């Protein structure tokens, strides 16, 4: 008899907690959502052993599933990470409006700490980082390379902007040409002013891939990358599969014969980076954010906008560096080196004497 998803979730959470305790790490559980409903129902993601956290997860297709999983996870794991992007169809919502698993989960979570992330942004960050790493030995990196993206939806469009910002010449395709033209026009409008590269609409898929350095499929299960396209890429080209089925089977075999590597996206590094960032922000807000008076010197840190004359330091509770004197508008006033060194000395001596006051 096939195990129900609730029982599977309980056992998966128990495994995560056990590993986390054994390795003295935090435990986490991700709840993501998607519009592409799998015939087998919701599906669970593997356990990932990261430097500071052991994480597993699930991809759900309704608010009800998200709430049921949350009730199982809540209180057992330290952090519940929820995809805040709205991808589930309205018909899977309780309210008749756009489905919102973040809101649904907030209604039932009681004990675990809730963090949010954006699933599509993680994908874009993962691809961007992968391509940056794979081209690191090139003199210009991604700059100047011809990148072809099949699929200009949310992920494909964000990825196009990210890569053109790095100097790539990006070509994008989408079945709806009118929407594609609007998207490309908008992306070119907001790209950095001094970026000479641009994003171009693809009218002929076969022609567009000629001499391409990087080919990316984001078509959500619709195969568009053919053997002929693979043969037209430059030697040593990179192919990245994001859409789970963007490449024809014959094209995969052709790539193998030509020695062209096909990368299936792995978001592990991007997810670990997001978790590290959330931990760092939590630490800053909890231990560094604020303002105090140190031996008559007003200091501020942690991202608060400094009042005019306040001294911006690295950490008001353990100041080691002075960044400058705030101008009250989000920038610094010019400060002579002697004055800087004097203030730094006072702040450090104040810390050693533990003579902090409140401001």
| request: Once you have the Kirkwood Rh of the chain from its Cα pairs, apply Stokes-Einstein at 37 °C and 0.692 mPa s and quote D in µm²/s. | output: 138
| What residue among 189, 44, 171 shows peak mean-square fluctuation when the chain is described by a Gaussian network model with Cα springs under 10 Å? | 189
| task | May I ask what percent, to the nearest 5, of DSSP beta bridges between residues of the chain are antiparallel? | result | 30
| Classify the range 156-293: rounded, prolate or oblate, from the alpha-carbon gyration tensor (a ≥ b ≥ c, eigenvalue square roots; a/c under 1.5 rounded; otherwise prolate if a/b is larger than b/c)? | prolate
| field | Spin-label proximity, residue 45 to the range 121-150 - amide N less than 19 Å from point 7 Å beyond Cα toward beta carbon | value | 121-131
| query | So if R0 is 41 Å, what FRET efficiency would residue 129 and residue 177 give, r being the distance between their Cβ atoms, rounded to the nearest 0.05? | reply | 0.85
| field | DSSP-defined beta bridges in the range 5-117 - what % are antiparallel, rounded to 5 | value | 25
| query | How far is helix 249-258 tilted off the main Cα axis of the chain, in degrees rounded to 10, range 0 to 90? | reply | 80
| said: Could you check the spin-label model distance between residue 193 and residue 6? Points 7 Å from the Cα along Cα→Cβ, value in nm. | reply: 5.9
| request: Compare 42, 258, 233 in a GNM of the chain, Cα atoms joined below 10 Å, and give the one with the largest fluctuation. | output: 258
| field | Between 0 and 90°, nearest 10: helix 154-165 axis offset from the chain longest Cα axis | value | 70
| request: May I have the extent of the alpha carbons of the range 237-359 along their three principal axes, as whole Å values ordered from largest to smallest? | output: 74, 29, 25
| field | Three-way shape call for the range 255-318 based on the alpha-carbon gyration tensor, with the a/c threshold at 1.5 | value | prolate
| request: Set the Förster distance to 56 Å, then compute FRET efficiency between residue 305 and residue 261 from the Cβ-Cβ distance, nearest 0.05. | output: 0.70
| said: Can you give me the C-alpha center-to-center distance between the range 210-224 and the range 235-294, rounded to a whole angstrom? | reply: 18
| remark: Here the FRET efficiency for residue 116 versus residue 64, based on Cβ atoms and R0 = 30 Å and rounded to 0.05, is 0.95
| message | Taking the 0 to 90 degree range and rounding to the nearest ten, how far is the long axis of helix 177-190 tilted relative to the main principal axis of the chain, both from C-alpha atoms? | response | 30
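Which of rounded, prolate, oblate describes the range 5-117, given a ≥ b ≥ c as roots of the alpha-carbon gyration tensor eigenvalues and a/c under 1.5 marking rounded, otherwise prolate only if a/b is larger than b/c?
prolate
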| remark: Checking 51, 348, 103 against a Gaussian network model of the chain (alpha-carbon springs below 10 Å), the top fluctuating residue turns out to be 348
| note | Percent relative contact order for the chain, counting Cα pairs under 8 Å at least six residues apart, stands at 9
| field | Gain on full stretching of the segment that runs from residue 201 to residue 26 - 0.36 nm per residue minus C-alpha separation | value | 58.5 nm
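I want to verify the translational diffusion coefficient of the range 290-358 in µm²/s; compute it with Stokes-Einstein, Rh as the Kirkwood radius over Cα pairs, at 10 °C and 1.306 mPa s.
137
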| When the helix-only estimate is applied to the chain (DSSP H runs of n ≥ 4, each -39,500 (n - 2.57), divided by the residue count), what is the mean residue ellipticity at 222 nm, nearest 500 deg cm²/dmol? | -11500 deg cm²/dmol
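Every number in this text was worked out from the coordinates using simple rules, so none of it is lab data. Please read all numbers here as calculations on a predicted model, not as lab measurements. Methodologically, a virtual Cβ is constructed for each residue, glycine included, from the backbone with ideal geometry; neighbour enumeration extends over all protein chains shown.
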